[in-house]
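Read the structure below first, then the notes.
Bear in mind these aren't lab numbers, they're just calculated from the coordinates by the rules spelled out. This structure is a prediction, so every number in the text was calculated from the model and none was measured. Don't worry about glycine lacking a Cβ; one is built from the backbone with ideal geometry, like all the others, and counts go over all protein chains shown.
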Amino acid sequence: MKIASNAAKGLEYLHHKANPPVIYRDLKSSNILLDKEYNAKLSDFGLAKLGPMGDNSHVSSRVMGTYGYCAPEYQRTGQLSVKSDVYSFGVHEQILVAWAEPIFKETSRYSELADPLFNGDIPKRNCNQAVAIAAMCLQQDPTVRPSISDVVTALTFLWAESGKGFGSPVSPSLPVSSSDNEESHEENKITERERAVAEAIEWGSNSRTQNERLP
């Protein structure tokens, strides 16, 4: 969760803080570097491209990138947007999308998507929400994909929930002063929003799956 959250924050900076926005265009596991504490940083900006400005929703570009990670609409039309990066973020490895998509439709099989080294010892709810985030990032329609900011928010919550004691952003409970209480209240509000976004993404993914099952 820490690695995923850090990588998402890198994309968030490029999409929403850089001016003009930058489309990374080659997000894949081998372009995410880790230090000894598993802090993740994006590398290799050779395919990065300035994103759309003003009322434009996309830029046109020759299709480039790594097979299996490129968003379908970019492959079809050459129209590149920040949502193209969001799609790539949902991919874990080449051509795994075709393998994973059928599993997205069966909640009971979500654990099959986790690293086998976990031996199934993972929090079920957190696993479900992580899968839901990936599923929403991989929507065929780019307008339905979440923004990378929503992905950051959801992953921050999941990291806090699942990574306590391993570089988790959640602070331990300590006696606090009144000013600390105000700060703690603000942190609680942020955590509540993170939880709400994570649950909304999970609901969106589950709702899509149920609609696909309808005759």
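Summarising the label geometry, the points placed 7 Å from Cα in the beta-carbon direction at L33 and T143 lie 4.0 nm from one another. Within 10 Å of each candidate Cβ there may be at most 14 other Cβ atoms; applying that plus a DSSP loop requirement, which chymotrypsin sites (Phe, Trp or Tyr not before Pro) in the range 1-57 survive? Hits after loop and neighbour filter: Y38, F45.
Spatially, the range 67-143 and the range 23-65 are offset by 17 Å when compared through their Cα centroids. You can think of it this way: the chain between R109 and K49 has 17.8 nm of extra reach, that is 0.36 nm per residue less the Cα-Cα gap.
Among the GluC sites (Glu not before Pro) in the range 10-87, which ones are in a DSSP loop with at most 15 other Cβ atoms within 10 Å of the Cβ? Mind listing them?
Loop-located and lightly packed - E37.
Restriction of the trypsin sites (Lys or Arg not before Pro) in the range 1-85 to DSSP coil positions whose beta-carbon has at most 10 other beta-carbons within 10 angstrom yields K36, R62.
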